[in-house]
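Have a look at the structure below before the remarks.
The values are calculated or read from the model by the stated rules, or taken from the named source; none is laboratory data. If you're wondering where the values come from, they're calculated on a predicted model, not measured in any experiment. As a convention, Cβ positions derive from the backbone with ideal geometry for all residues, glycine included, and neighbour counts pool all protein chains shown. The accessibility values were calculated without ligands, DNA or RNA, using every heavy atom of the protein model including side chains. Shrake-Rupley method; radii C 1.70, N 1.55, O 1.52, S 1.80 Å.
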Amino acid sequence: MAKDKLRNEVARSENKSDTFGHFFRYEEITEYLKGVADKHPDLVTLESAGKSSEGRDMWLVKVSNTRFKDSKPVIFMDANIHAREWISVMTTLNLIHKITEQHEEYPELLAVNWLIMPMVNPDGYEYSHTTDRMWRKTRSKNRNSQCQGTDANRNFDYKWDLGVSTSDDPCSDIFRGPHAESEPEVKVISEVLRKNKDRIKLYVAVHSYGEYVLIPWGYQVGLAHPNKANLTELGSKVSDAIAAINPVRNYNVGSAADLLYPASGASDDFAAGAAGIDLVYTFELSGSNGFIVDPNEIQSIANEVFAGFRELAKWFSKN
Ligand code: 0X9
Ligand code: ZN
């Protein structure tokens, strides 16, 4: 990339109007989203898609300049399936900020419509703030056990309980739940996907950490998805765009099972296998120290990844 272009990208990535300098708690996220919806009524509709076990709203941010009354492709994104992966939430809020405030600079952002759920495990997220920083699961009560929570990313109703990287022990961090979709949070996400499956052309689950762009399948090693060529091509564009902003980043692109480990009942395989979405990704973002991210790094990580998110939207202008 030409030096000038790189300098421009970096300048943009340090835009002064950017405001994510600390990790928002659930209430602050709620206020933030309500503020965005109030400020941009022509672009943003904020809905509660349902409630978590402890009764918190699961926000669905719908972004479109035609109120979805068009035939544009829809990109669905969720963040925070895992409670401790705080950077996923802030990175997704930053995307909402960019779409609403900077779409003139980045017109590709409104060439698609967005369904974004920036906080799908609010109970676990709050618990990871108040009680246990390394909490991963939901906070539902388990029968005949003192241990709470299910790993939402082992609870989706596709290849549930194949027995790879899952556990039937409620005390385990990778507990699959008593049955598929036992978690209200997983049911809510799954319903949004089922309801909009014909229009959703791309699904992204935002996680951390490790710097990966993962593609299906994740439940079994050595199993190629029929759309592997496109998945890999677009995944590489995402990885390159992030590295163009920050050359120390090295996002590897490949099958979740092969590159990371096989794990069944995850959201990506549900989106690909049950909802039939063609382009499906799990992003594993960077960490400063594993799941822990220094608040000073939130904005720069979010902006690097934004360069990758732009590639997702651009894909549809070209294809
Ligand atoms: O294990 C997971 O659920 C994900 N990694 S994380 O460190 N964020 O917990 C990876 C899931 C990848 N997808 C599948 N294996 N299907
Ligand atoms: Zn995760």
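Annotation note: of Val186, Val112, Val192, Val164, the sole residue that is among the β-branched types (Val, Ile, Thr), within 15 Å of ligand 1 (Cβ to nearest atom) and crowded, with 21+ Cβ neighbours inside 10 Å is Val186.
Counting the residues of region 159-177 that are of a type in the set (Val, Ile, Thr) and in contact with a strand residue (DSSP E or B) (Cβ under 7 Å, 6 or more places away or on another chain) gives 1. Taking the listed residues Pro178, Pro170, the one that is in contact with a Cys (Cβ under 6 Å, 6 or more places away or on another chain) and open to solvent by 10 Å² or more (accessible area, probe 1.4 Å) is Pro170, with no other qualifying. Here Val89 passes the criteria (1) within 16 Å of ligand 1 (Cβ to nearest atom); (2) surrounded by fewer than 22 Cβ atoms within 10 Å (Cβ to Cβ); (3) β-branched (Val, Ile, Thr) except the one numbered (2).
Assess whether Tyr219 counts as being aromatic (Phe, Trp, Tyr), at pLDDT 95 or above and crowded, with 17+ Cβ neighbours inside 10 Å. Judged against the criteria, Tyr219 is a match. Screening Tyr261 against (1) assigned to a helix (DSSP H, G or I); (2) touching a residue at least 12 places away in the same chain (Cβ under 8 Å); (3) open to solvent by 50 Å² or more (accessible area, probe 1.4 Å) leaves a single unmet condition, (1). Looking only at region 34-52, residues that are surrounded by fewer than 12 Cβ atoms within 10 Å (Cβ to Cβ) and either among the β-branched types (Val, Ile, Thr) or not in a helix (DSSP H, G or I) (or both) come to 2 in all.
Taking the listed residues Met119, Met134, the one that is closer than 27 Å to Ala302 by Cβ, open to solvent by less than 40 Å² (accessible area, probe 1.4 Å), in a loop (DSSP other than H, G, I, E, B) and within 16 Å of ligand 2 (Cβ to nearest atom) is Met119, with no other qualifying. When the criteria are applied in full, Glu284 meets the requirement of being among the acidic types (Asp, Glu), open to solvent by 10 Å² or more (accessible area, probe 1.4 Å) and in contact (Cβ under 8 Å) with a residue 40 or more places away in the chain. When Tyr203 is tested against the conditions (1) surrounded by fewer than 24 Cβ atoms within 10 Å (Cβ to Cβ); (2) within 16 Å of ligand 2 (Cβ to nearest atom), the lone failure is (1).
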